[in-house]
1. Yes or no: Pro21 more than 13 Å from the ligand (Cβ to nearest atom) and loosely packed, with under 14 Cβ neighbours inside 10 Å?
2. Hey, any hits in the stretch 29-42 for a residue that's more than 17 Å from Ala98 (Cα to Cα) and within 7 Å of the ligand (Cβ to nearest atom)?
3. Within the stretch 252-278, track down each residue that is more than 16 Å from the ligand (Cβ to nearest atom) and either in contact with a Lys or Arg (Cβ under 8 Å, 6 or more places away or on another chain) or in a loop (DSSP other than H, G, I, E, B) (or both).
4. What is the one condition in (1) surrounded by 14 or more Cβ atoms within 10 Å (Cβ to Cβ); (2) under 17 Å from Asp262 (Cβ atoms) that Lys36 does not satisfy?
5. Taking the condition of being in contact with a helix residue (DSSP H, G or I) (Cβ under 7 Å, 6 or more places away or on another chain), under 24 Å from Lys90 (Cβ atoms) and not aliphatic (A, V, I, L, M), how many residues in the stretch 2-53 meet it?
6. Which count do you get for residues in the stretch 279-295 that are in a loop (DSSP other than H, G, I, E, B) and of a type in the set (A, V, I, L, M, F, W, C)?
7. Pairs only if they're at least six apart or on different chains, beta carbon under 7 angstrom, first in the stretch 28-39 and in contact (Cβ under 8 Å) with a residue 40 or more places away in the chain, second part of a strand (DSSP E or B); list them, first residue then second.
8. Tell me, please, whether a residue that is surrounded by fewer than 16 Cβ atoms within 10 Å (Cβ to Cβ), under 24 Å from Lys28 (Cβ atoms) and more than 10 Å from the ligand (Cβ to nearest atom) can be found in the stretch 114-126.
Amino acid sequence: MSLKPFKAVIPAAGLGTRFLPATKAMPKEMLPVVDKPAIQYVVEEATQAGIHDILIIIGRNKNNLSNHFDSVPELESTLRKKGDEAKLAKVQQSSDLADIHFVRQGEPKGLGHAVLRARAHVGDHPFAVLLGDDLIDERDPLLTTMLEEHERTGAAIVALLEVEPSQIHLYGAAAVETTDNPDVVRVTGLVEKPSAEDAPSNYAVIGRYVLAPSVFDILERTEPGKGGEIQLTDALQELAADADGPGVRGVVFRGRRYDTGDRVDYIKAIVQLAADREDLGPELRPWFKDFAATL
Ligand code: UTP
């Protein structure tokens, strides 16, 4: 299926309080995962799905995030003079990736509010939202399936991951009905961070969405919800409850995903990705085994 040219929105304006003090002067999306900031993996994922127009929502400490996607002439010319083509390519990679734009959120009033800041840039087109601290392993692609499902049905598409009941309070949870496709469900309701007893299922909403621009009208009137924040989940719940609209559908993800906004998951991401790398894995894998034996 050939897809329309979608734009992508990457919210990266949260306070990142779980990572203090590292995030005192730096957004958590800039924390390195092996040797690239988390957000670069997310931008690469969007480009691999064919999206080249990317809007990043930035908060305080915006400069090091936008600098990362800019060229750095002094560094580039030093590396060029030294003939270090490999490092030069690494420096240039992030500035050549895509057409990247930035808009400020001002105050971190929640994910729904951050997405609403994209309205002027996105205009009247469907778009993808990729959370800047949520990594999907490139070996387990997800976004293209979501874009295709949106094109096919017009529904808002969320990505769902089955989690342990004890973990569902950390996510938005979806009430679902099966469809003919085992990897796609119809979402009949959404609740932000429910207790295990109140959760409608163990399907957790993870940080990938494909939305129609009509979501902006809903976000404009969405009141602050859980945590006093304007929640994207609440706007999606309205779409799910609208019997006359295309509704909300969930693509069930069964691949590798790392929530780099969480300290334990962040460390797991680095260990797993580094162990799998051709340049680092051969040295690291035996060390990991020896280390594990000491635990
Ligand atoms: P999180 O809830 O994980 O981010 O938001 P947080 O609030 O920064 O995290 P902690 O709990 O304080 O550590 C999910 C995503 O939404 C973005 C975040 O940057 C993250 O990518 N976000 C959240 C915004 O852009 N603006 C907001 O107001 C809130």
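The values are calculated or read from the model by the stated rules, or taken from the named source; none is laboratory data. Worth saying up front: this structure is predicted, and the values here are computed from it rather than measured. Heads up, the Cβs are rebuilt from the backbone with ideal geometry, glycines too, and the neighbour counts pull from every protein chain shown.
1. When the stated conditions are applied, Pro21 does not pass them.
2. Scanning the stretch 29-42, I find at least one residue that is more than 17 Å from Ala98 (Cα to Cα) and within 7 Å of the ligand (Cβ to nearest atom), so the answer is yes.
3. Answer for the stretch 252-278, where residues must be more than 16 Å from the ligand (Cβ to nearest atom) and either in contact with a Lys or Arg (Cβ under 8 Å, 6 or more places away or on another chain) or in a loop (DSSP other than H, G, I, E, B) (or both): Phe253, Arg254, Gly255, Arg256, Gln272, Ala275, Arg277, Glu278.
4. Of everything listed in (1) surrounded by 14 or more Cβ atoms within 10 Å (Cβ to Cβ); (2) under 17 Å from Asp262 (Cβ atoms), Lys36 misses just condition (2).
5. Residues meeting the conditions: 6.
6. Qualifying residue count, the stretch 279-295: 2.
7. Glu29/Ala12; Glu29/Pro37; Leu31/Pro37; Val33/Leu135; Ala38/Leu135; Ile39/Ile10; Ile39/Ala12
8. Taking every residue of the stretch 114-126 in turn, none turns out to be surrounded by fewer than 16 Cβ atoms within 10 Å (Cβ to Cβ), under 24 Å from Lys28 (Cβ atoms) and more than 10 Å from the ligand (Cβ to nearest atom).
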